[in-house]
Amino acid sequence: MEKILICDDSEYLRLTIRELVVKLGHEVVAEGSNGKEAVELFMEHHPGVVTMDIVMPEMNGLEAMQKIIEIDPETRVIIVTAIGHEILIKRALKMGAMGYVIKPFTSEEFIENLNSVIR
């Protein structure tokens with residue numbers, strides 16, 4: 001079982017991801033709605049996996065991911081972002097993200113991506 005932090009400014013997306021994570025038997029330790037919250041929640045809960053939207057208020061997902069990886073380089077980050085952000089996805093992967101899912105995504109796509117970073 002993995003401890004997972006979900007960070008997305010869409011409450012609907014957080015709910016969707018939470019349901020999939022719990023269905024797979026993992027624990028959602030916290031949810032954030034912006035990058036600043038993601039970093040704060042990461043330091044509080046120390047999850048092994050973080051799902052991170054890129055485009056968010058206050059601090060974007062790339063900045064938050066960079067700070068999280070600086071805190072713990074072993075953290076596995078999955079980028080969850082909208083189509084049209086391919087350049088940002090490539091940048092995130094170069095910065096240390098271990099996978100990505102493009103919104104809208106199917107349950108199968110998300111589960112496959114999550115499983116690939118957990119194994």
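Couple of notes before you dig in:
- Residue in region 17-26 that is most open to solvent (accessible area, probe 1.4 Å), counting only those that are in a helix (DSSP H, G or I) and free of Cβ contacts under 8 Å to residues at least 40 places away in the same chain: 23
- Listed by first and then second residue, the pairs with beta-carbon distance under 6 Å, at least 6 apart or on different chains, first residue in region 107-119 and touching a residue at least 60 places away in the same chain (Cβ under 8 Å), second surrounded by 16 or more Cβ atoms within 10 Å (Cβ to Cβ) and among the charged types (D, E, K, R), are 117/76; 118/2.
- Condition check for residue 76 on (1) closer than 16 Å to residue 103 by Cβ; (2) within 11 Å of the chain's Cα centre (by Cα); (3) not aliphatic (A, V, I, L, M): one failure, at (1).
- Conditions (1) open to solvent by less than 10 Å² (accessible area, probe 1.4 Å); (2) within 15 Å of residue 32 (Cβ to Cβ); (3) touching a Lys or Arg at 6+ places or on another chain (Cβ under 6 Å); number of the one not met by residue 65: (3)
- Residue within region 82-96 that is closer than 24 Å to residue 1 by Cα and within 11 Å of the chain's Cα centre (by Cα) present: no
- Region 27-50: number of residues that are closer than 17 Å to residue 75 by Cβ and either of a type in the set (Gly, Ala, Ser) or touching a residue at least 60 places away in the same chain (Cβ under 8 Å) (or both): 6
- Candidates 44, 37, 58, 74, filtered to the one that is assigned to a helix (DSSP H, G or I) and surrounded by fewer than 19 Cβ atoms within 10 Å (Cβ to Cβ): 44
The values are calculated or read from the model by the stated rules, or taken from the named source; none is laboratory data. Keep in mind the model is a prediction, meaning the values are calculated, not measured. Don't worry about glycine lacking a Cβ; one is built from the backbone with ideal geometry, like all the others, and counts go over all protein chains shown. Quick note on the areas: whole protein, heavy atoms, side chains included, nothing else; ligands and nucleic acids left out. Shrake-Rupley method; radii C 1.70, N 1.55, O 1.52, S 1.80 Å.
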